[in-house]
Amino acid sequence: MNDKVADLAARRAQRAAGGAAGGGRRPKARRCPICGKPASPDHRPFCSPRCRQTDLDRWLGEVYRVPAEEPAGGARGEGEEET
């Protein structure tokens, strides 16, 4: 068991030092979620101001929605009184 822990620690140290512990694989380049082009560091995670604005417009236009369940008693929150 100690051999496994030591091997794992050695691999992590090598990876942190920039070694090829991952089999020489490079991490995948991030892609723009709107158009799929490579993301720009200036507009991350998007590739351009246009794609960033498109995403914002979709959120504001309620194209994207976060699913939620209404409470059984209606849409009132706790602490609100009936009038």
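Brief remarks on what is shown
- Highest mean first, the peptides 27-40, 44-57, 2-15 sorted by other C-beta atoms within 10 Å per residue fall in the order 44-57, 27-40, 2-15.
- Full extension of the chain segment joining Leu8 with Arg65 gains 16.4 nm, where the gain is 0.36 nm per residue of separation less the Cα-Cα distance.
- In order along the range 49-56, the Karplus-derived 3J(HN,Hα) couplings, from 6.51 cos²θ - 1.76 cosθ + 1.60 at θ = phi - 60°, round to x, 4, 5, 4, 5, 4, 5, 4 Hz, and Gly and Pro are given as x.
- Spin-label pair Arg50-Arg30: with each label point 7 Å from Cα along the Cα-Cβ axis, the two points sit 2.1 nm from one another.
Only the coordinates and a few stated rules stand behind these numbers; no lab work does. For clarity, every value in this text was computed on a predicted model and none was experimentally measured. Reconstructed Cβ throughout: ideal geometry from the backbone, glycine too, with neighbour counts over all protein chains shown.
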